[in-house]
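Bear in mind these aren't lab numbers, they're just calculated from the coordinates by the rules spelled out. Keep in mind the model is a prediction, meaning the values are calculated, not measured. Note: ideal-geometry Cβ built from the backbone for every residue, glycine included; neighbour counts use all protein chains shown.
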Amino acid sequence: MANVETALKETLATIDGAIGAALVDYGSGMALGTIGGGKDLDLTVAAAGNTDVVRAKVRTMDMLGLKDEIEDILITLGTQYHLIRLMKSRDSQGFFLYLALDRGRANLAMARHQLQKIEAELEI
Amino acid sequence: MTPAQAGGLTAVAISPLLTRLAAERATGALLRDRGTLFLEDGRIVHAESPATPGLDVLLTTGGGLAPERWREAVDRAGARRQVARFLVDSGGLAGGELEICHLAAIFDAAFFALSPGTGPSRFRRGATHWIGSVRSVPAAAVERETRRRRELLDAVWPYPLLDTSPVIPRAAAPGQTVTARQRTLLARADGVRTPADLAWVLGRPAFHTLLDVRRLAAAGLVETPHAPVLAPVETPLPDWITQTQSPDVALLRRLRDALEASL
C-alpha cells in the first residue's frame, strides 16, 4: 500500500533515466500528483495533452473492433521516451501514470517492469 | 457567451476570499451557494457540492467499495472525524485508492463551489469535516485547475446550456464509432436526466460527465440545446411616428424663439 506521493517518489528514484512522472485523472486531464519535470517539461500540460493521446487510442481500438485493453503506450522521441501506463482496476473512471525518461540513460524494458510494479503498489 | 468574453472573465480571481483565507493560513469551512470548501492552515483538505456526487458515491457506485463498508465507517468513525483512516485501517480500501478518489472529489466539488455568479460567501472558522485528513492541496492549485476546467469545457464545445439541460442522445452517423465509455453514458441518457443526474447514476465526478456530454454534443451524438431566441416584441408604433410628414419648420422656429425669449 502506497500513497500517491511515495509512489511518484519511488518512480523517480528507482527508474533509471526518469525525468518526471505524473498520476493523471483521465476524465478531466488533471495531474493528481507530479514529480520532477521542470521548465523543459511542464507535467500539468503533459498530463492534459496525453489524456488526448489515450482517448485517441481508445477510439481507434473501438473503430477496429478490438476487444482488448490498453496496458501501456510508448512514445519514442529523439532524446526521450514517454511511457503511459493505464491503471487497471479503475476501468471507466480511468487514471494513468505518465513517465518521461532520458533515452540515453533509460532501460526501457526495466522501466516498463518497474512502472508496472509501482502501479500495483498504488492499487493494492 | 463569446470566447472573448469567456477569456476576459477567467482573468478575474476565482474567489478573492479564498485567496485571502489561504494567505492567512485559516482553518474552517468556506460556504458558498454551490458548495463548501474545508480549509486547514490555508490548504484545502476537503470539498463538497450538491452539484456533484460525493466521495461515498464515487467509491461505492463508481468504485468497488460495498455501501455497508462506507456506512460502517461513518457510523463508527464519523464522530471522531476519522472516516478516511477507518476505511483504510479496516481494510475496506487501499490507501492509494482512497487518496486518488478523494483528490478527484476535491477538485470536482471545488469546480462547482467556485462557479461564478454564486451569492455571498461565508467562512465558518474552525469547522472541520468528518472525513478526516487524507491529503491537502494548495488553494492556488484548486483555483488554477478550476480555471483550466472552465476553459476546457468552452474549448470542447462552447454551449453552457448543455450542462444543465436533459441529455438527449442522437443516432450515430453511419460509420461513426462510439467508445465504450460513451456508450455507458448514452445508455443511461433517457432524455430526462441532466449531466449531473448521470454523474450520480454512473458514480463519476460531475465535471467528467459535463466534459463527456460536451464532447458527445460536439460529435453530434447528443442534441445541443439552443437558448430560446426571444422573438422581437412587435409594439406597433403610433401613427405620428410612422406617418411622418416633413417637420413644420416655421412652427419649430416660433417655438425656439418663444423659449429663448423666456430665458
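Things worth noting here:
- Take every Cα pair under 8 Å whose residues are at least 6 apart in sequence, average their separation, divide by the length of chain B, and the relative contact order is 22 percent.
- Per-residue ³J(HN,Hα) for region A:69-78, Karplus 6.51 cos²θ - 1.76 cosθ + 1.60, θ = phi - 60°, Hz, x for Gly and Pro: 10, 7, 8, 8, 10, 10, 10, 9, 9, x
- For chain A, excluding the exposed loop sites themselves (trypsin sites (Lys or Arg not before Pro), DSSP loop, at most 16 other Cβ atoms within 10 Å), the longest remaining stretch covers A:1-38.
- Overall dimensions of the protein assembly as shown as given by Cα atoms, namely Rg and Dmax in Å: 27.0, 101
- Across chain B, the longest run free of exposed loop sites, meaning GluC sites (Glu not before Pro) lying outside DSSP classes H, G, I, E and B with no more than 14 other Cβ atoms within 10 Å, spans B:25-233.
- Angle of helix B:139-156 to the longest C-alpha principal axis of chain B, folded into 0 to 90 degrees and rounded to 10: 60°.
- Based on the Stokes-Einstein relation at 37 °C and a viscosity of 0.692 mPa s, and on the Kirkwood radius from alpha carbon pairs, region B:3-156 is assigned a translational diffusion coefficient of 203 µm²/s.
- The average projected area of chain B, computed from the convex hull of its Cα atoms over all directions, is 25.2 nm².
- Restricted to Cα atoms, chain A shows a radius of gyration and a Dmax of 13.7, 40 angstrom.
- Note on region A:56-107: Cα convex hull, mean projected area over all directions, 4.4 nm².
- Close Lys pairs in the protein assembly as shown, defined as Cα atoms under 25 Å apart and 8 or more places apart or on different chains, number 9.
- Cα-based equivalent ellipsoid, region B:160-218: semi-axes from gyration tensor eigenvalues, Å: 18, 12, 11
- Panel order for B:157, B:130, by other beta carbons found within 10 Å of each beta carbon, from fewest to most: B:130, B:157.
- Going from the fewest other Cβ atoms within 10 Å to the most, the residues B:253, B:170 appear in the order B:253, B:170.
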